[in-house]
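**Q** Take this structure, written in structure tokens, and hold onto it; I'll ask about it next.
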2 protein chains.
Amino acid sequence: MESQERFAQFLNSRGLRSSAPRSQVARIFLRTERHVSTGELYDLVRKKHKEIGYATVSRTLKLLEEAGLCRQVDFGDGTLRYEHAYKHAHHDHLVCTKCGAFVEIYSGKLEKLQDKMVEKYGYMQETHKLNIFGVCPKCQKKK
Amino acid sequence: MESQERFAQFLNSRGLRSSAPRSQVARIFLRTERHVSTGELYDLVRKKHKEIGYATVSRTLKLLEEAGLCRQVDFGDGTLRYEHAYKHAHHDHLVCTKCGAFVEIYSGKLEKLQDKMVEKYGYMQETHKLNIFGVCPKCQKKK
DNA sequence: GTGATATTGATAATTATTATCAGTACTGGT
DNA sequence: ACCAGTACTGATAATAATTATCAATATCAC
């Protein structure tokens, strides 16, 4: 429930309103521990709130992102997904090219190495996105 | 000129034809040492060959990719770019979020670390895409 | 409450890519 | 050379996802 508060706080600090649709979309997203696309979240929202439109879902996701509560994930398949970011440490993804299954991966060494690379070129790092594509164990067996 | 031959060879091995439009698009792409989007390449092609359509450029890029001559690059800004892949070692990208400038980066250590991670989860690696986003030295000074 | 204004939802617009398809141009066999 | 079969092309339409528009509505400070 804490992240819900954080969202309200964020809206307030920006002079934005905690409207009913915004709160409802946010609640449903925050309750769903999955990587959802805008369309998927829209479907979830619709189960409870038939009156909420796609645009509002899309806009709310953008706000959640700015509030630091979610993060865009791009698996390169044409649709963007969003994952939780609040109290969820940074990580990268290992995606199966056959079935779409993925696991979240993290390595401190890998992060440090990246920092070094960035420094070398005089850049100031903001974020990074690493997606590794391959075939998952299940799909390897199927073949 | 060698990559041109390789393309012809690839087409032949697939039972495809080395048509004039295909060769022309390929030649212009291979001569341009830049990361181009389909639209940009289309414009370049149009300067020399007014009769070639967008679809052909798009299709030829796909073929070049299958031939191992180019590689898709997705900076997450909505348009896909293509870069040379033949005799161009694998590398990742460090992209400036202010001006779009980027540098190609590579680290053997980083690659090895990734291999370990993949192995750990039983996946069979195919490719990976690492984009680091930050602010380049020039844009840091401007500010 | 009330009024200024942020927000909403339906729809249209946008953007990039991909599919369709009739006409054209190659191909290999004769 | 000719011919039949088929791959290729380019214009256009279709697709897909996101974003902009805008009149109607809801919200919040006062």
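**Q** Averaged across the residues of A:110-122, what count of C-beta atoms belonging to other chains lies within 10 Å of each residue's C-beta?
**A** Values: counts 7, 0, 0, 4, 7, 1, 3, 10, 5, 0, 4, 8, 7.
Per residue, the number of nearby Cβ atoms from other chains is 4 on average.
**Q** Please identify which residues in the range A:4-43 have an amide N closer than 16 Å to a label point set 7 Å out from the Cα of residue A:55, following the Cα→Cβ vector.
**A** Those under the cut-off are A:21-22.
**Q** Here is a further query. Measuring label to label, 7 Å along Cα→Cβ, what does residue B:4 give against each other copy in nm, shortest first?
**A** Spelled out, the distances from residue B:4's label point are 6.7 nm.
**Q** Taking Cα atoms, how many degrees apart are the long axis of helix A:38-48 and the longest axis of chain A, rounded to 10 and kept between 0 and 90?
**A** Orientation of helix A:38-48: about 40 degrees from the principal axis.
**Q** Same structure again: So how much accessible surface do A and B hide from each other in total, probe 1.4 Å, in square angstrom to the nearest 100?
**A** 3100 Å²
**Q** Calculate what fraction, in whole %, of the accessible area of the range B:2-84 sits on carbon and sulfur atoms when a 1.4 Å probe is rolled over the protein chains.
**A** Whole-percent figure for carbon plus sulfur exposure: 46.
**Q** Given DSSP loops and a limit of at most 10 other Cβ atoms within 10 Å, what is the longest stretch of chain B that contains no such GluC sites (Glu not before Pro)?
**A** Maximal segment without exposed cleavage sites: B:52-143.
**Q** On to the next question. With the crude spin-label approximation of a point 7 Å out along Cα→Cβ, what separation in nm comes out for residue A:125 versus residue A:17?
**A** 4.2 nm
**Q** Taking the Cα centre of chain A as origin, work out the dipole magnitude from +1 charges on Lys and Arg Cβ and -1 charges on Asp and Glu Cβ, in debye rounded to 20. Please report the intermediate quantities before stating the final value.
**A** Numbers: 26 positive and 17 negative charges, 107 e Å.
That gives a dipole near 520 debye.
**Q** Percent relative contact order of the range B:87-139, based on C-alpha pairs within less than 8 angstrom and at least six residues apart?
**A** Averaging sequence separation for qualifying contacts and normalising by length gives 49 percent for the range B:87-139.
**Q** To continue, here is another question. How high is the relative contact order of chain B, given as a whole-number percent (alpha carbon pairs under 8 Å, six or more residues apart)? It would help to have the intermediate numbers written out before the result.
**A** Numbers: 142 pairs, mean separation 26.6, N = 143.
That works out to 19 percent.
**Q** I need to check one value: relative contact order of the range A:2-84, counting alpha carbon pairs closer than 8 Å and at least 6 residues apart, in percent.
**A** Relative contact order for the range A:2-84 comes out at 32 percent.
**Q** Continuing with the same structure: I'd like the orientation of helix A:108-120 relative to chain A: the angle between its Cα long axis and the longest Cα principal axis, in ° from 0 to 90, rounded to 10.
**A** Taking the Cα atoms of chain A, the angle to A:108-120 is about 90 degrees.
**Q** Then there's this: Which percent of the accessible area of the range B:92-142 is formed by carbon and sulfur heavy atoms (probe 1.4 angstrom)?
**A** Of all accessible area on the range B:92-142, carbon and sulfur atoms account for 54 percent.
**Q** Give the cross-link partners of residue B:120 among the aspartates and glutamates, using a straight C-alpha distance below 16 Å as the criterion and excluding same-chain residues fewer than 8 apart.
**A** Once the sequence-local aspartates and glutamates are set aside, what remains near residue B:120 is A:92, A:104, B:111.
**Q** Is it possible to state the helix-based mean residue ellipticity at 222 nm for chain A, with each DSSP H run of 4+ residues giving -39500 (n - 2.57), the sum divided by total residues, to the nearest 500 deg cm²/dmol? What is it?
**A** Only helices count here, giving -14000 deg cm²/dmol.
**Q** Can you list, shortest first and in nm, the gaps between the label point of residue A:98 and those of its counterparts in the other copies, using a point 7 Å from Cα in the C-beta direction?
**A** In nanometres, ordered from closest: 4.7.
**Q** Please report the residue of chain B with the smallest beta-carbon distance to the B-to-A rotation axis, and give that distance in Å, no decimals.
**A** B:130, 2
**Q** May I ask you to give the solvent-accessible area per residue for the protein assembly as shown, in square angstrom, as obtained with a 1.4 angstrom probe?
**A** Spelled out: the 1.4 Å probe surface of the protein assembly as shown, per residue, equals 58 Å².
**Q** As a quick test, which of the pairs B:50/B:87; B:98/B:129; A:62/A:142; A:141/B:87 have an alpha carbon distance above 27 angstrom in this structure?
**A** The answer is B:50/B:87; A:62/A:142; A:141/B:87.
**Q** On to the next question. How far is residue A:74 from the same spot in each other copy, in nm, shortest first, if each label point sits 7 Å from Cα toward Cβ?
**A** From this label point to the equivalent ones elsewhere in the assembly: 0.8 nm.
The values are calculated or read from the model by the stated rules, or taken from the named source; none is laboratory data. As the structure is a prediction and not an experimental result, all values here were calculated from the model. All Cβ positions, glycine included, derive from the backbone under ideal geometry; neighbour counts span all protein chains shown. Ligands, DNA and RNA are excluded from the accessible area calculation, which covers all protein heavy atoms including side chains. Shrake-Rupley method; radii C 1.70, N 1.55, O 1.52, S 1.80 Å.
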